[in-house]
Every structure is written in structure tokens, then in C-alpha cells.
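Visitor: One structure, as C-alpha cells, below. Some questions next.
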Amino acid sequence: MEITFCCDLPEEQEQAREFLAYYRRAGATSIQSYIHWKRIEPQPGRFEWDYYDRQVALIREYGLRWVPFIILGPWYVTPEWFQASPESLFARCLEHGRESRVQSIWNPALPNHIERVMSAFARHYLDMDVLESILLGISGDYGEAIYQAVGNWPKAYHTHQGYWCGDTGAVADFQRWLREQFGSLADINQCWGSQYQSWEEVHPVLRQKAPSSRAWLDQMRWYRQAMIDWADLWFQTAARHFPGVPIYLCTGGDGTPHHGSDFSLQCKLAARHGGGVRITNEGSDYLFNFIITRLVSSASRYYGAFFGFEPASAVDENGIVARIYNATASGARQLHEYAHNFYTAEGLKEAVARRFETNAAYLQESRPQVNVAVLYPLSDFTNQEVGFSARMVASARWLRDITDFDFVDEHMICDGALERYRYLITLDGVMLELEALEAIETWVRQGGAIVSWQLLKDVEGSDEVSRRIFGLSPQSEELTGIQALRLLEPAFLQHFGRVPQLVTVQSFSHLLETTRKAAITEADETAVVWLNHLGRGWGIFCAGPSELDMNLSFAWMGEQHMYLHLVRDCLFHLSAIDSDWVDLPVFDNELDSVYVTDMEDGWLYLNFGPQEVQKRTPAGTTVDLPPYAIRRRPFSGAA
């Protein structure tokens, strides 16, 4: 795996050599440098390379490669001469109508400068044969493929998490895009429920001012696509000037609509260019890292892009282990680390270095074997203006302790990604594009199993597709009221059945004859858990709310996790209902802060708890896991 440490080498030669000697000894393959536009072109047309030449000479001396992070547009790297020129166009927010000091991605002058700088950089460094990869810094506060969010150097410029599409270039592009999508104002008004009288009235708005959910989702589709198009221009430019050099797009954040990032489309774009994506959002908690990087991992593996992980900032000694495991278990090509996580003014952080060196051998490029997909409802979360809802995070943390899984969003589903999985689990979010819902139905009919606790709906609010998937008839009625449950299929509901005080507040009547009830209410025998045999697959439903992140009115049901225990039973005991179904092999299925990944060459384990744990492998052998440690066991069971 590529292991790149990011640091501006100290000017003092002895200290710089100490850094490089350590990184080389620790297994690094490269050093990353931030390439500031203003540093290499202090005056228009006058390029200066001395600063980076000195660093490259030392990097080569220690047998390492170089990863230049080429950044144009963010405030801290853009030359003052450009910012003061007529070519400058700063991004403007919708919230306050104020300018940032970050260049707008709709600035028509920037592509020419990207071309110039890339060309000059390649002419100077390409023949040195020192480049491991190129990292593209296209926008945002620091170079990620997102709009600005938190800023840097407080009060240097107006910034905040918001919508940065109020400048003249953005408004003109929004109107152009709508003309291409709809053709006329009349068609827009009919689709959105709006009442525009002229194109001058049509401009990006905040969520609360959008005429409808459809209008908001369309605006956000444009907003995200604009960032994709900007990244496409960068990829094309870099590919021309750096033939044969791997190119990564830098992205970040958690997918909140404000950032304008669409992770699966970014990965799809990277794959089209033969490139990769570096996501810059990890921390020290394994489950946080898994959740926030998994969509990039899932989409990259599906579309054929490579990818790498970078921390957002500080990482402690346990976090180093979590990051190593997440990179390998996700199938990453690259792990990035910051020098400040290893060095302080007093010298090397011994605890961090020791944990890294102990586990660095696990940084091997491989692919996880994943049979379970979790639905990432992009439309719903866009409508909510979140990247991940609290319920999704809580449920995903719980589920990852049971089994490995990928995220799939609507783009991936429409592109056929579900063919790679046997299960689709819904954790939160009900709104999807109709095309994605229909693709899910087709996949179920072909032999997939979807498990849900809510009826999915299209953007217009129809649940017709869900009713077919889960076997609801026109007479089906949702009933409410606190009732005890009775199990009809105890061999199937092995985990669900062990939940104390099995009660529900919801059930359904009048299901289709294709359904099979697994749990019913004691009093009126209406269905709470049932399975609908649709084609060769199953639509499995649990009435009643998911217990994670519940409001106070359901606090008496807290910590029951009935739905998630049903998910466990679907993964490991569905054969009790369908004798032709092959259950997942039991790699983990225990809530113990031990995580297992089925890799191409064996099982990869992480104990992210403070106590030593012994696990039994599917091969019948055991593996001893010290606290915060990784272990690999090949399929043969040999150590």
C-alpha cells in the first residue's frame, strides 16, 4: 500500500533528515507537500521552484517518492496579485450575500491558470521520476472537492458551512442547467409547484425557500454536479500533463448537502479517468472512520477507482491502529498521515510510533468480500440537509459490530451495484428517487433480500413500489397501539426472540398471500414481522420504529434494538424460512468491539477495546486479540 506522510520538511537540515530517516524506517513510500500557487508563482508568469526543489532533493536522497498536492483557488494558496486582479471572482454565500476569499468554481478565468500552472509544474518535475501520485486541490477552504465550510485563519475571510452559489457565475450556470433540464419556465413550474414569471426570478435559494422537495433536490443535483464538472476539468488537465502518474481527487466532509460533495459520483468520475479519490475525514475512532469513509470505499470498488484515507487532524495511538485497519479492510490503495501526529516540538511521539510500527505490516492492498449493503438514502438526507442522520450513525455503529457492510446510494443502485450483494438493509431515510426504488424491486425479484422497518417512498410521496416489495394489499391498514408479540417462527427469530419485553406500537393487517408472518400481536394477530416472497427474493419488514435515536415518547422501548436483532436473524437464519437460502457464514455476530472483515486471503480482525479477547474463526481455530490490535488469519487457519 502507498503510505504517504505529509510534512513541509524543516529548513534545518539535520531535523529534516531525522524526519525522513524515521519515515523511511517506518515503511513510508512517499512524502506529500502542499503546493501553494502563490509560492511557485509569486508574480504573474514568473515561476520559482527553489523551495520545493530542496525538499524533493532530500526526499529522493532517502529513496522516497513525492506526492505534490497542487492547489489553486482556496484563499491561503492563491496569489495576492490574482485576488486583486479583474480575473478574480470570489464565492458568495446565499445566507448573507457576502463574499468569501475563496475563488468561485464558476470563475471563467481559473481554467486557464490551472492549465498554465499544471503545465509549468509538469515541465519542471515530471522528468525527475519522483512522483508517486498527484493530489488535486480544486476548491474549499483547504483544497477538497467541496465548497468552503469552516475556514482557516479566523477572520481572514467570511466563511461558514452554507451554500456558496450566490455569485454571478453560479446564478448564470444554474439558469443554463435548468434550461437544459426542463426547457421552459412552464415545465419548471409544473414540476416544482413554483410560479416563476421570468428567468430573472430563478436563482439558487436556501432550503426553506425552495418551492418543493423536488425543487430542492434538483437544485442540489445541480450544485453537486457543478463540483463534479469542476473536478472533471482538473482530472482532464492533470492527465494531459502527467501521463502515467496516478491522480487522486481530494474530497472531504461527511456528505452534507452544504459541502456539495457527491461521493459516489466523485468515485465514478475518478474511475472514468483511471484515477482515485482521497477522502480527508478520519479521526481516532474506528466506527466513526468506517461510517464516514465507507461510501467512498464502496463506490470506488464498484466503479473501479482506487482510493486513500486521510485524517481530518489529530490521531492518537489507538486511532493509528483504527486507521490502519480501516484502510486495509476497506481495500484502500493509500494511507496518508500528518507529521504532527508523530512529531511534536519535543520529538517523536513514542506511543504513536510504536503502535504504527507494530501494525504497519497489515497495510496490504486487498479487497474485502462484502455481501451486505446498507441503503444510503441520498435524496432523503439531502432533503433533511444532513450527511448522516443521528439514527443512521447509531444504527450503523451497532450493525458493524455484527457484520461488515457497504453503503450504496441511489446512483449506485441505478447503475446496478446491488448485483454484488445478497442483502440490502435500511437503517434510516424513506425518500428515494423512483428509478432507484424500481431497481431495488427488480433486484429483489432476482433473488435479493431487503430488510426494512419503514415503507420507502419516491420523491412525490408514493409508497406503491414498497407495498409491492413487502406484500401489502390495497386493504392493508397500519394499526397503532401498545401490544405484546407472539413469535410464529422461533427458528428464524433466534436473536429477535431473546429481546426482553417484546412489544410493539405498530402492526399491519390484510397482507398478501405471498407473505409469511413471523411475529404477530397477541391481541388481534396482526403482522409485526413478516416476509414477502417476491420472485426469487424476499421483502422482510418489521413494523414499529427503530429503537435507536428514538424520541422520548418511546423511551420505554429504548435499548431493545428489536429491528437490528431482526437484521441479525435475516443475515444468519433466513434459511429457516427458505431452505434454498444460504445464510451468511458467521465471522462475528457478537457485540464486543471486535470487528472482522472477510478479505480475499483470509479474515482480518480488529480488537478496538481495552481488554484482550479470544475469537473463534469460521475455520474452527482461535485468534488471540490484545487490546487495540489487528490480527490476520488465512483461510487455512495457519498463523
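The values are calculated or read from the model by the stated rules, or taken from the named source; none is laboratory data. Because the structure is a prediction, the values reported are computed rather than measured. Ideal geometry is used to build each Cβ from the backbone, glycine not excepted, and the neighbour counts take in all protein chains shown.
Visitor: At pLDDT 95 or above and among the basic types (Lys, Arg), is that true of residue 17?
Guide: Values: at pLDDT 95 or above: no; among the basic types (Lys, Arg): yes.
Taking the combined requirement at face value, the residue does not satisfy it.
Visitor: State whether one or more residues within the range 606-626 are over 18 Å from residue 289 (Cα atoms) and in contact (Cβ under 8 Å) with a residue 40 or more places away in the chain.
Guide: So the first thing to find is which residues in the range 606-626 are over 18 Å from residue 289 (Cα atoms), and the list is 610-626.
Filter once more, so that each one left must be in contact (Cβ under 8 Å) with a residue 40 or more places away in the chain: none.
There is no residue in the range 606-626 that is over 18 Å from residue 289 (Cα atoms) and in contact (Cβ under 8 Å) with a residue 40 or more places away in the chain.
Visitor: Report the residue count in the range 288-332 for those that are touching a Ser or Thr at 6+ places or on another chain (Cβ under 9 Å), in a loop (DSSP other than H, G, I, E, B) and within 20 Å of residue 143 (Cβ to Cβ).
Guide: 4
Visitor: Next up: Filter the range 359-373 down to the residues that are under 15 Å from residue 315 (Cβ atoms) and surrounded by fewer than 18 Cβ atoms within 10 Å (Cβ to Cβ) and list them by number.
Guide: The answer is 360, and nothing else.
Visitor: Now, a different point. Please indicate, with yes or no, whether at least one residue in the range 434-443 is hydroxyl-bearing (Ser, Thr, Tyr) and either part of a helix (DSSP H, G or I) or not assigned by TED's automatic domain parsing to the domain that holds residue 535 (or both).
Guide: Checked the range 434-443: at least one residue is hydroxyl-bearing (Ser, Thr, Tyr) and either part of a helix (DSSP H, G or I) or not assigned by TED's automatic domain parsing to the domain that holds residue 535 (or both).
Visitor: OK, next. Taking the range 142-167 as the search range and keeping residues that are at pLDDT below 95 and either of a type in the set (A, V, I, L, M) or not in a loop (DSSP other than H, G, I, E, B) (or both), which one is nearest to residue 277 (Cα to Cα)?
Guide: Selected residue: 149.
Visitor: Further question: From the list 295, 287, 265, 233, exactly one residue is surrounded by fewer than 24 Cβ atoms within 10 Å (Cβ to Cβ) and closer than 30 Å to residue 460 by Cα. Which is it? Before the answer, list the steps.
Guide: Details: 295 fails: surrounded by fewer than 24 Cβ atoms within 10 Å (Cβ to Cβ); 287 fails: closer than 30 Å to residue 460 by Cα; 233 fails: closer than 30 Å to residue 460 by Cα.
The match here is 265.
Visitor: Then there's this: Based on this model, can you work out whether residue 94 counts as within 30 Å of residue 1 (Cα to Cα) and surrounded by fewer than 23 Cβ atoms within 10 Å (Cβ to Cβ)? Explain how you work it out, then say what you get.
Guide: Values: within 30 Å of residue 1 (Cα to Cα): no; surrounded by fewer than 23 Cβ atoms within 10 Å (Cβ to Cβ): yes.
It is false that residue 94 is within 30 Å of residue 1 (Cα to Cα) and surrounded by fewer than 23 Cβ atoms within 10 Å (Cβ to Cβ).
Visitor: Among (1) surrounded by fewer than 22 Cβ atoms within 10 Å (Cβ to Cβ); (2) more than 21 Å from residue 32 (Cα to Cα); (3) not charged (D, E, K, R), there is one condition residue 313 misses while meeting the rest; what is its number?
Guide: Of (1) surrounded by fewer than 22 Cβ atoms within 10 Å (Cβ to Cβ); (2) more than 21 Å from residue 32 (Cα to Cα); (3) not charged (D, E, K, R), only one is false for residue 313: (2).
Visitor: Separate question: Read through the list (1) within 24 Å of the chain's Cα centre (by Cα); (2) in a loop (DSSP other than H, G, I, E, B); (3) over 23 Å from residue 374 (Cα atoms); (4) aliphatic (A, V, I, L, M), then give the number of the only condition that residue 591 fails.
Guide: With respect to (1) within 24 Å of the chain's Cα centre (by Cα); (2) in a loop (DSSP other than H, G, I, E, B); (3) over 23 Å from residue 374 (Cα atoms); (4) aliphatic (A, V, I, L, M), residue 591 is out only on (3).
Visitor: For the range 359-378, state whether one or more residues are assigned to a helix (DSSP H, G or I), in the same structural domain as residue 427 (by TED's automatic domain parsing) and more than 19 Å from residue 449 (Cβ to Cβ).
Guide: The answer is yes; a qualifying residue exists.
Visitor: Suppose we keep only residues that are part of a strand (DSSP E or B) and touching a helix residue (DSSP H, G or I) at 6+ places or on another chain (Cβ under 9 Å) within the range 453-481. Which one would you say is nearest to residue 574 (Cα to Cα)?
Guide: Keep residues of the range 453-481 that are part of a strand (DSSP E or B), which gives 457-458, 472-481.
Those left that are additionally touching a helix residue (DSSP H, G or I) at 6+ places or on another chain (Cβ under 9 Å): 457-458, 472-474, 476.
Numbers: 457: 26, 458: 28, 472: 21, 473: 24, 474: 27, 476: 25 Å.
Ranking the qualifying residues of the range 453-481, first place goes to 472.
Visitor: Continuing with this model, one more query. Could you please let me know if residue 596 is modelled with pLDDT under 95, β-branched (Val, Ile, Thr) and not in a helix (DSSP H, G or I)? It would help to see each step written out before you state the result.
Guide: Details: modelled with pLDDT under 95: no; β-branched (Val, Ile, Thr): yes; not in a helix (DSSP H, G or I): yes.
No.
Visitor: Further question on the same structure: Looking at the range 452-494, which of its residues are within 28 Å of residue 576 (Cα to Cα), of a type in the set (Asp, Glu) and surrounded by 17 or more Cβ atoms within 10 Å (Cβ to Cβ)?
Guide: 489
So that you can scan it fast, the table gives a plain yes or no per residue for (1) part of a helix (DSSP H, G or I); (2) surrounded by 14 or more Cβ atoms within 10 Å (Cβ to Cβ):
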| site | (1), (2) |
| --- | --- |
| 187 | yes, no |
| 196 | no, yes |
| 200 | yes, no |
| 205 | no, yes |
| 208 | yes, no |
| 215 | yes, yes |
| 218 | yes, yes |
| 221 | yes, yes |
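Visitor: Residue by residue through the range 538-584, note down the ones that are among the small types (Gly, Ala, Ser) and either buried (at least 24 other Cβ atoms within 10 Å of the Cβ) or modelled with pLDDT under 95 (or both). Reasoning before the result, please.
Guide: First, pick out the residues of the range 538-584 that are among the small types (Gly, Ala, Ser): 539, 543-544, 546, 553, 555, 558, 575-576, 579.
Of everything in the range 538-584, those that are among the small types (Gly, Ala, Ser) and either buried (at least 24 other Cβ atoms within 10 Å of the Cβ) or modelled with pLDDT under 95 (or both) turn out to be 539, 543, 544, 546, 553, 555, 558.
Visitor: Would you mind finding the one in 327, 312, 339, 332 that is under 22 Å from residue 133 (Cα atoms), at pLDDT below 95 and either in contact with a Phe, Trp or Tyr (Cβ under 8 Å, 6 or more places away or on another chain) or not hydrophobic (A, V, I, L, M, F, W, C) (or both)?
Guide: Working: 327 fails: at pLDDT below 95; 312 fails: either in contact with a Phe, Trp or Tyr (Cβ under 8 Å, 6 or more places away or on another chain) or not hydrophobic (A, V, I, L, M, F, W, C) (or both); 332 fails: at pLDDT below 95.
From the options 327, 312, 339, 332, the qualifying one is 339.
Here's the yes/no breakdown for (1) without any contact (Cβ under 8 Å) to a residue 12 or more places away in the chain; (2) in a loop (DSSP other than H, G, I, E, B):
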{"position": "33", "(1), (2)": "no, no"}
{"position": "57", "(1), (2)": "yes, no"}
{"position": "75", "(1), (2)": "no, yes"}
{"position": "81", "(1), (2)": "no, no"}
{"position": "88", "(1), (2)": "no, yes"}
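Visitor: Turning to a different aspect of this structure: How do the pairs read when you match residues in the range 160-183 that are closer than 13 Å to residue 199 by Cα with residues anywhere that are part of a helix (DSSP H, G or I) and aliphatic (A, V, I, L, M), using Cβ under 9 Å and keeping only pairs 6 or more apart or on different chains?
Guide: 173/226; 174/226; 177/226; 178/185; 178/188; 182/188
Visitor: Give me a count of the residues in the range 273-302 that are under 20 Å from residue 418 (Cα atoms) and out of contact with any helix residue (DSSP H, G or I) (no Cβ under 8 Å at 6 or more places or on another chain).
Guide: The total comes to 1.
Visitor: Which residues, taken from the range 251-277, are under 13 Å from the mean Cα position of the chain (by Cα) and part of a strand (DSSP E or B)?
Guide: If the condition is that a residue be under 13 Å from the mean Cα position of the chain (by Cα) and part of a strand (DSSP E or B), then 251, 277 are the ones that fit.
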